[in-house]
Every structure is written in C-alpha cells, then in structure tokens.
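Peer 1: Have a look at this one before I ask anything.
The values are calculated or read from the model by the stated rules, or taken from the named source; none is laboratory data. Computed from a predicted model, the values in this text were never measured in an experiment. Backbone-built Cβ (ideal geometry, glycine too); neighbour counts: all protein chains shown. Just the protein is used for accessible areas: all its heavy atoms, side chains included, with ligands, DNA and RNA removed. Shrake-Rupley method; radii C 1.70, N 1.55, O 1.52, S 1.80 Å.
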Amino acid sequence: MKNLKGKLAKWLQNAKRSEIRELLKLLGDPSIISLGGGFPDPNFFPVKEIQEITNEILANKPELALQYCTTEGMEELRNQLVSMCQRQGMQISKENVIVTSGGQAGLDLLGKMFIDVGDTIICELPSYLGAIQAFKMFGANLIGIKMDKDGMIVSELRSKLEDLRTENRLPKFIYLVPDFQNPSGVTMSLERREEIISLSREFGEISIVEDSPYREISFGIEMPPTMFSLAPDIVINLGTLSKIVLPGFRIGWMIAGEDIIKAAVMVKQSTDLCTSPFTQLITAKFIEKYLPFHLSKLREVYQEKRDCIMDEMILQMPKGVSWNNPDGGLFTFVYLPDGMDAAEVLKKAIKNGVAFVPGSAFHCDGSGKNTMRINFSFSSQKNLGLAIERLAKTINEF
Ligand SMILES: Cc1ncc(COP(=O)(O)O)c(C=O)c1O
C-alpha cells in the first residue's frame with residue numbers, strides 16, 4: 001500500500017518487530033539449535049488424550065463446541081479453573097474468571113482496560129517481552145525495577161514509588177512474573193511478595209498484575225502462595241494453558257475481582273467476542289481427566305533438562321560467565337562478563353549453529369546487554385548439550 005507507514009496508527013508507525021518472534025523463524029532451520037523461543041517440548045503434547053476428548057465432544061456436544069459462546073467463557077472450563085485455583089489457595093468463584101485467547105490476550109486486555117497514553121507501569125528488570133510490548137502499544141511509560149535472586153528489590157521499588165508520588169505519576173499497576181520468571185527463572189520469595197503488597201497498599205492500593213504461566217512447572221520445591229491469594233482485592237492473576245499443556249489451543253485466563261471481570265468482558269467483546277468454545281471444552285475435560293498426571297510427567301522431563309543444561313554449563317562455559325539455576329519453568333538467564341554484548345554474540349552463535357534471545361530485549365530500559373535468555377524445555381537433552389558446547393565456543397571467540 002502506498003505510504004502505509006503514514007496511514008498506520010501513530011503508535012504502530014514507530015513500533016519495532018519482536019526479536020523473539022523473528023528468532024522463532026530459526027526453528028525451521030535444522031542446522032541451528034534454538035534455545036530462543038519459550039516453546040514446550042512437542043514430544044509431550046498429549047495427542048492421544050486430546051484426540052479421545054475431541055471425538056467425545058464432537059459426538060456429544062457439537063452444538064456447543066462449534067457455536068459462539070459467552071464472552072467470559074464456557075461454564076465447563078471456568079468451573080475447572082475455579083477448582084484449579086482453589087487448590088492453589090485462591091478463594092474464588094466462576095464470577096472471578098474470564099477465559100482469554102492465550103495469556104498474551106490477557107495482557108492486551110489489561111492494556112486496553114487500564115492504560116492511557118503516558119501512564120506509568122512498573123515491571124521487573126528484566127521482564128516478559130510480550131508484556132512490555134503489549135503495554136507500550138497503549139502508550140505506557142514502563143519503569144523497570146531491578147531484581148535479585150528473591151525477585152524485585154523492594155527498597156528500589158519504594159524509592160521509585162516515592163519519586164513517582166512526588167511527580168504525581170504513580171503507576172496504574174505493577175506487573176510481576178513471580179513464579180520461575182520469564183526470562184530470569186527467578187521465583188519471588190514470600191517475604192518479597194508480602195512487602196510488595198504492603199507497599200502497594202501504602203501508596204494507595206496500586207493494582208498488582210501477577211502473570212504466572214510457569215507456576216505448575218516446579219522441580220520439587222514448595223512454592224510460596226500466589227500473590228492473588230495474599231491480596232485478592234488488589235491482585236489480578238493471569239494464567240495460560242500454553243506451557244503446562246499446549247500453546248496451540250490459545251487458552252488463557254484472568255482471575256480478578258468481579259468488577260474487573262465485568263469490565264474485562266466489555267473490552268473482550270470488541271476484540272474477539274469469545275475464545276474458541278471448541279478448545280475451551282477440550283481443555284476443560286483435559287484438566288478434569290488428565291492434568292495432574294500430565295503435570296507430574298512434565299515436571300520430571302523439564303527437571304531432567306534443567307539438570308542437563310546446568311551440568312553442561314558447568315563443564316563448558318568459560319570463566320567469567322554465570323547463570324541462574326531455576327527451580328522450575330522453562331528458562332535460565334546467563335550473565336556474560338561486563339562489556340560483552342549478547343546481541344553480537346548471537347550473530348556469531350547463529351553461524352555456529354545455536355540461537356538464544358539477547359537479554360536486553362527483556363529490559364524495558366535497554367540495559368542488560370551482557371545477558372541472555374536460554375530455554376531448556378524445547379530441545380532434546382542431546383541437543384541441549386550440543387547447543388551449550390556451541391555457545392561456549394562462541395563466547396570463547398569473544
Ligand atoms: C510471562 C508470560 N506471560 C504470558 C505469556 C503468553 O502466553 P500465551 O502463549 O498463552 O499467550 C508468556 C509466554 O511466553 C509468558 O512467558
């Protein structure tokens with residue numbers, strides 16, 4: 001189209017393409033081992049179970065599965081989600097649930113609901129790239145707060161909130177990925193969760209968005225409670241099926257107070273009317289029949305892969321390189337020596353047959369140039385070993 005750029009909405013004219021999405025294209029090239037995307041291992045997609053449930057639904061409920069459904073989602077799935085959340089200590093009913101088209105649509109929904117151009121949003125440094133992008137699209141001014149091994153550093157958050165209060169720009173919400181964070185793999189301690197909630201109350205009940213796709217993929221540790229269960233009046237919780245079962249159905253959910261869910265329904269109506277009832281019904285049955293068994297298998301497999309990648313890094317990585325050892329999830333985060341640029345390393349790494357995501361993509365302020373995100377869920381153990389060997393060799397070349 002002629003002069004397309006000038007015709008696009010202003011926010012889109014200067015938007016950059018996602019580095020992750022660009023990288024995912026590399027997955028098609030068999031000579032490159034990708035540690036880049038956040039892909040689950042397709043060998044553990046429950047194909048047989050999905051086939052069985054699909055046949056059953058098409059035989060018994062085609063008029064529901066293939067029709068439109070309510071915007072908040074199918075009763076069958078919302079009821080299953082309520083039970084799942086209750087098992088996590090979240091006291092909710094189905095009025096607190098809206099089904100979304102994947103976790104990403106939940107972030108977009110929140111952006112539409114809460115963000116006016118110029119609004120402040122606080123996130124972790126680093127944070128999930130897809131959230132940074134979604135919130136920026138609505139004109140948010142993102143401020144990152146550094147993390148350590150226990151999550152967001154509370155003294156830094158306090159000092160930033162004090163500055164923002166003086167400038168009359170307190171954030172609309174604080175966005176957190178407290179469980180096995182994407183990208184760092186860090187889990188926020190209970191103490192930090194409580195401190196951040198208490199800070200939010202002190203500064204006038206700032207909402208907290210708790211985005212938690214990885215919580216169920218834990219490697220034998222006891223998890224701190226969800227932030228929602230600690231403060232249901234100020235926390236909005238987001239979940240997704242993508243990492244714990246499969247991403248292809250595009251099923252996610254938002255858990256929040258009834259007033260927020262009502263507002264979300266209004267906004268979602270203008271986006272997609274409803275999430276696919278067909279995949280909602282299959283998901284509901286899968287959760288009911290198979291999820292606990294499936295999760296225990298997944299935890300075992302991913303823990304083995306985590307162990308494999310940790311062993312390989314100890315063996316292969318040059319001195320001066322360090323990394324996080326996550327207790328769950330799909331990612332570890334690697335720190336190169338100061339001054340080394342992971343984006344430059346990536347260019348060479350691709351030539352050497354391995355890809356990752358440079359960590360700066362996850363830093364809303366562009367910092368973190370010497371960091372990289374490594375995914376360990378997608379590749380086989382053999383390929384993980386080979387990938388780390390290639391990566392270590394590439395880093396050595398610097
Ligand atoms: C923290 C976080 N939130 C949301 C999403 C998006 O999930 P979905 O694939 O269900 O849209 C991801 C995916 O990687 C994620 O890591």
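Peer 1: Would you list, by chain and number, the lysines whose Cα falls below 22 Å from the Cα of residue 172, excluding same-chain residues fewer than 8 positions away?
Peer 2: 112, 136, 146, 160, 262, 268
Peer 1: With each run of n ≥ 4 DSSP H residues scored as -39500 (n - 2.57), what mean residue ellipticity at 222 nm is computed for the chain after dividing by its residue count and rounding to the nearest 500 deg cm²/dmol? Present the calculation step by step, with values, prior to reporting the outcome.
Peer 2: Working: 16 runs with 174 residues, N = 398.
When only DSSP H runs of four or more count, the value is -13000 deg cm²/dmol.
Peer 1: For the chain, what is the relative contact order in percent, using Cα pairs closer than 8 Å and at least 6 residues apart in sequence?
Peer 2: After rounding, I find 24 percent.
Peer 1: A further question on this structure: Can you return the aspartates and glutamates within cross-link range of residue 297? Criterion is Cα-Cα under 14 Å, with same-chain partners fewer than 8 residues away left out.
Peer 2: 41, 216
Peer 1: So what's the net charge close to residue 152: Lys and Arg +1, Asp and Glu -1, counting the other residues with Cβ under 14 Å from its Cβ? Could you put the intermediate results ahead of the total?
Peer 2: On the way: positive: 146, 149, 158, 160, 192, 193; negative: 124, 148, 150, 156, 179, 191, 194, 195, 210, 211.
Neighbourhood net charge equals -4.
Peer 1: Among 61/285; 243/285; 5/347; 94/285; 25/348; 48/305, which pairs are too far apart, with a Cα-Cα distance over 19 Å?
Peer 2: 5/347; 48/305
Peer 1: Report the label-to-label distance for residue 63 and residue 47 in nanometres (one decimal), using points 7 Å from each Cα along the Cα→Cβ vector.
Peer 2: The two pseudo-label positions are separated by 3.4 nm.
Peer 1: Something else: Work out from phi, with θ = phi - 60° and the Karplus expression 6.51 cos²θ - 1.76 cosθ + 1.60, the ³J(HN,Hα) of each residue of region 244-253, listed in order in whole Hz, and give x for Gly and Pro.
Peer 2: 8, 10, 6, x, x, 7, 6, 10, x, 7
Peer 1: Obtain the nm distance between the two label points defined at residue 87 and residue 233 by a simple spin-label model: each point lies 7 Å from its Cα along the Cα-to-C-beta direction.
Peer 2: 3.0 nm
Peer 1: At 1.4 Å probe radius, can you tell me the per residue accessible area of the chain in Å²?
Peer 2: Spelled out: the 1.4 Å probe surface of the chain, per residue, equals 44 Å².
Peer 1: About its Cα centre, how strong a charge dipole does the chain have in debye, to the nearest 20, once Lys and Arg get +1 and Asp and Glu get -1 at the Cβ?
Peer 2: 1380 debye
Peer 1: Within region 213-302, which trypsin sites (Lys or Arg not before Pro) sit in a loop by DSSP and count at most 16 neighbouring Cβ atoms inside 10 Å?
Peer 2: On the way: sites: 215, 243, 250, 262, 268, 285, 289, 297, 299; in loops: 215, 243, 250.
The qualifying sites: there are none.
Peer 1: Sequence-distant or interchain residues sharing an amide H contact under 5 Å with residue 323, placed H: which?
Peer 2: Result for residue 323 returns 335.
Peer 1: Once you place label points 7 Å from the Cα toward the Cβ at residue 17 and residue 201, how far apart are they in nm?
Peer 2: 4.8 nm
Peer 1: Let me ask you something else. Each residue of region 182-188 in turn: what ³J(HN,Hα) in whole Hz from Karplus with 6.51, -1.76, 1.60 and θ = phi - 60°, glycine and Pro shown as x?
Peer 2: 8, x, 7, x, 6, 10, 6
Peer 1: Right, another one. Roughly speaking, to the nearest percent, how much of the chain's 1.4 Å accessible area is carbon and sulfur?
Peer 2: Here it works out to 52 percent.
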